[in-house]
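Where a number appears in this text, it was derived from the coordinates with a stated rule and is not lab data. Note that the structure is predicted; figures quoted are calculated from it, not measured. Cβ placement follows ideal geometry from the backbone for every residue including glycine, while neighbour counts extend to all protein chains displayed.
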Amino acid sequence: MRNKKNYNILIVDDEKEYSKVVSMVLEDAGYSTETCYNGEEAIEYVRNNEVSLIITDLRMPKMNGEELILEINKIKLDIDILVVTAYASIESAVNTIKNGATDYFVKSSNPEELLIKVDRMCEMHHIKKKDEIILKNQNLGDVFLESNNKEYQSILDICKKTADTNISVLLLGESGVGKEVIANYIHRISIRRSEPFIAVNCQEYPDGIVESELFGHEKGAFTGAINSRIGKFEEANYGTLFLDEIGDVPLSTQGKLLRVLETKEIERIGTNKKKELDVRFIFATNRDLSLETEKGGFREDLLYRINALTLTIPALRDRREDLPDLIDFFIKKISIDQKKKDILLEDSVIECLLEYDYPGNIRELKNIIERMIALSDNGKVKYNSTLLPCIGNRNKRDMITAQEDFDFKFARERFEKEYIETLLMNNRGNVSKTAEVMNISTRQLWNKISKYQIRH
């Protein structure tokens, strides 16, 4: 068996002769072992050393095996624990499994049987570690792109067909549906894949800053420009530039952006020197840009320039067939990140997660599961309003859809308003905390509060 040397074993037993026998059997098989003769000594050793497996006696002075298991699980959750017990204490050994032990071994049995158990645990340990590494490094985008939804699959097919072109793409969809994931996917399967992918959220920058961020500036171009700086256009040269929330770009900057798209040239702020660009542009917004052009908030000529290929990303509620896989992915990944073990969801929680509409889409799903796991009790997640505040009143959706004269936009906005009101109430009117839960900027939330005239 491979990797035995990386599977460090700590033997905890006050019977020194038995400890020596176990240590000899395991080291002859290729394992590294250390020995402690009481629980307190073992805890100190675990705090300061890497341990993969603890083999502990159940009955010991000062601290018994059950107490040791409880203390070890407070320190590290990824340690295997094998309880060694006498025949008379098998029932107690079984009970320790409920408290975090992995398995048990009867002391009077052949030590070679112990080795078989340890070999099996070592193999499972390395399989689990390998799976965890894969999961930790797994990009959400990769999971998100494995869809059973026909509409979403059709979008992916279009992305594949147009990936190697320079056609401008406009991605539409609600906040949190994964527009950046799609943009990144287009880049990764294109001939530009070895060049930079630069993502810019235009909503994050104040009006006076966004232009400098995009175009860059020369030293002394304006107050505070103490050094020259390249902009996002230049950073993305030969690669892909993703401009999210393009509808929030101020009108004055829209004209300059249009010029860049037409001439494929830029000028840093503070200079007349032109620089040629070779960039693939992908844009995204959750706004109705046609409506914005009618209002005078977005240039019509720019809209025609950026929407050569328009893709509307479906909301999570419209691709419910993907929910089980996404929920499973987030539970596994987040439990690893939070160092939580064996997360178990009650049926009522699973039902809620599958029925909820997720106005915040993927971001909201992730936030909900993060909160559930963080507040779980010994790995168990039960339904309550603290864990799932935004799911608490599930019949709101039914109230809205029951009205035949409500169009979709009205229904969605009404739901979003009620969703924000609920979160603000749960967070006692704290806008910053509510924005964090929603995974949007404080500025975005204030805009929504103003739009819906929400009192808080």
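The table below gives the values:
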{"item": "Residue among Tyr18, Ala86, Ala101 farthest towards the positive dipole end of the range 8-137, charges placed on Cβ", "result": "Ala101"}
{"item": "Amide H contacts under 5 Å for Ile81, placed H, 5+ residues apart", "result": "Ile54, Thr102, Asp103"}
{"item": "Dipole in debye (nearest 20) - the chain, about Cα centre, beta carbon charges: Lys, Arg +1; Asp, Glu -1", "result": "1240"}
{"item": "Separation between Cα centres of the range 417-456 and the range 265-324, rounded to whole Å", "result": "26"}
{"item": "Estimated [θ] at 222 nm from DSSP helical runs (n ≥ 4, -39500 (n - 2.57)) normalised by residues in the chain, nearest 500", "result": "-14500 deg cm²/dmol"}
{"item": "Gained length - Lys433 relative to Leu251, 0.36 nm times residue gap less alpha-carbon distance", "result": "62.4 nm"}
{"item": "The range 8-137: C-alpha gyration tensor shape, a/c 1.5 cut-off, then a/b vs b/c", "result": "rounded"}
{"item": "Extreme residue, positive dipole direction of the range 194-298, given options Gly247, Phe197, Gly297 (C-beta unit charges)", "result": "Phe197"}
{"item": "Inter-centroid distance (Cα atoms) of the range 337-359 relative to the range 1-43, Å", "result": "39"}
{"item": "J(HN,Hα) series, the range 310-322, from Karplus relation 6.51 cos²θ - 1.76 cosθ + 1.60, nearest Hz, glycine and proline x", "result": "10, 10, 9, 7, x, 5, 4, 5, 8, 9, 4, 5, 8"}
{"item": "Positive dipole terminus of the chain, leading residue within Leu375, Ile9, His217 (C-beta point charges)", "result": "His217"}
{"item": "Sequence-distant residues sharing a close amide H with Cys36 (under 5 Å, placed H)", "result": "Ile11, Val12, Asp13"}
{"item": "Compactness index (Cα Rg / 2.2 N^0.38 Å), the chain", "result": "1.28"}
